[in-house]
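Trainee: Just dropping this structure here.
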Amino acid sequence: MPDAEVRHVFRDGLGIAILGGQVSGNLEVLDFDKPGVFDDWRQLVDDQSPGLVDRLPLVETPDGGRHLFYRCSEIGGSAKLAMAREPYAKASGKTSLVVIEIKGEGGYVLAPPSPAECHAAGRPYVQIAGPELPAIPEITPAERRLLLRSARSFDEVPRTTVTGPPPSPDRRGPDLRPGDDYNARAQWRDILV
């Protein structure tokens, strides 16, 4: 599409969305929302697989984040891979807890040359490295696992393991609440009848 036609079709703040998943040839996009995290993540990946990130299209988002595009024979759905412990401010003025997420099956991202009006930060999406977006390369399942494992390592929220139900409080005498008394004596059979 010529530039003039692009400007006409996508006027008034309309942008271009790229769908993830099978409909787009098994496309996934790693979405680095928290500014600065991409560089640390990239170093971690480069230490294990030099040049992998350089082979992939990289887009700077209006909030200062990054979108990294790839295709793989094994894909999944969209998911949050790393969360912040405390909210952080984005360039748009909004706050977020999402550090890194993946946009796969059922997900989408806005892409260049979407106009600046598409985003609250008032800046455009700009491709800054890698092959042009129409030429998104395919990576191996092992390379994908490396990218996702490295992204998950930036999760600041500790995961807890549930080993069973918590012990019931012993509520007797003046501390017995009506709901606790009901739960202790009621039977599902009686409730359902």
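The values are calculated or read from the model by the stated rules, or taken from the named source; none is laboratory data. Model, not experiment: these values are computed from the prediction. Positions of Cβ are generated from backbone atoms using ideal geometry, with glycine treated the same way; all protein chains shown enter the neighbour counts. Quick note on the areas: whole protein, heavy atoms, side chains included, nothing else; ligands and nucleic acids left out. Shrake-Rupley method; radii C 1.70, N 1.55, O 1.52, S 1.80 Å.
Trainee: With all protein chains present and a 1.4 Å probe, how do LEU68, LEU110, LEU192 order by accessible area, largest first? Walk me through the numbers before you get to the answer.
Mentor: On the way: LEU68 0, LEU110 40, LEU192 135 Å².
From most accessible down to least: LEU192, LEU110, LEU68.
Trainee: Go through TRP41, TRP188 and list them by solvent-accessible area, largest first, probe radius 1.4 Å. Walk me through the numbers on the way to the answer.
Mentor: Numbers: TRP41 0, TRP188 185 Å².
Final ranking, largest accessible area leading: TRP188, TRP41.
Trainee: Quick check: residue separation of ALA135 and ALA116 times 0.36 nm, minus the Cα distance between them. What number comes out in nm?
Mentor: Answer, rounded to one decimal: 4.4 nm.
Trainee: Given the peptides 116-127, 133-144, arrange them by the average over their residues of other C-beta atoms within 10 Å, most packed first.
Mentor: Working: 116-127: 16.2, 133-144: 14.2.
Those peptides, ordered most packed to least, come out 116-127, 133-144.
Trainee: Can I ask one more? I'd like to know how region 1-159 sits against the 2.2 N^0.38 Å rule of thumb: what's its Cα Rg over that expected value?
Mentor: Details: Rg = 15.5 Å, N = 159, 2.2 N^0.38 = 15.1 Å.
Output field value: 1.02.
Trainee: In Å², and per residue, what accessible area does the chain have when probed at 1.4 Å with the other protein chains present? Intermediate values should be presented prior to the final figure.
Mentor: On the way: 11670 Å² over 193 residues.
Counting only protein heavy atoms, the per-residue value for the chain is 60 Å².
Trainee: Quick one: dipole size for the chain, taken about the Cα centre, charges +1 on Lys/Arg Cβ and -1 on Asp/Glu Cβ, in debye to the nearest 20. Walk me through the numbers on the way to the answer.
Mentor: On the way: 23 positive and 28 negative charges, 110 e Å.
Computed charge dipole of the chain: roughly 520 debye.
Trainee: Further question on the same structure: Tell me, what is the FRET efficiency for ARG145 and ALA17 to the nearest 0.05, using R0 = 25 angstrom and their Cβ-Cβ distance as r? Walk me through the intermediate numbers first.
Mentor: Numbers: r = 27 Å, r/R0 = 1.08.
E(calc), rounded to 0.05, equals 0.40.
Trainee: Take ASP54 and VAL157, extend 7 Å from each Cα along the Cα→Cβ direction, and tell me the distance between the two endpoints in nm.
Mentor: Taking the simple label geometry, ASP54 and VAL157 are separated by 3.6 nm.
Trainee: Grab the Cα-Cα distance for ARG85 and ASP3, subtract it from 0.36 nm times how many residues apart they are, and report the gain in nm with one decimal. Don't jump to the answer; show the numbers that get you there.
Mentor: Working: separation 82, 0.36 × 82 = 29.52 nm, distance 4.30 nm.
Full-extension gain reported as 25.2 nm.
Trainee: I would also like to ask the following. Measure off, as a whole percent, the carbon and sulfur share of the 1.4 Å-probe accessible area of the chain, all protein chains present. List each step's numbers first, then the result.
Mentor: On the way: 6140 of 11670 Å².
C and S fraction of accessible area: 53 percent.
Trainee: On the full set of protein chains, 1.4 Å probe, figure out the accessible area of MET83 and give it in Å² to the nearest 10.
Mentor: Here the residue's solvent-accessible area equals roughly 40 Å².
Trainee: Just how much of ASP190 is accessible, in Å², when a 1.4 Å probe is used and the result is rounded to the nearest 10?
Mentor: ASP190 exposes around 90 Å² with every protein chain in place.
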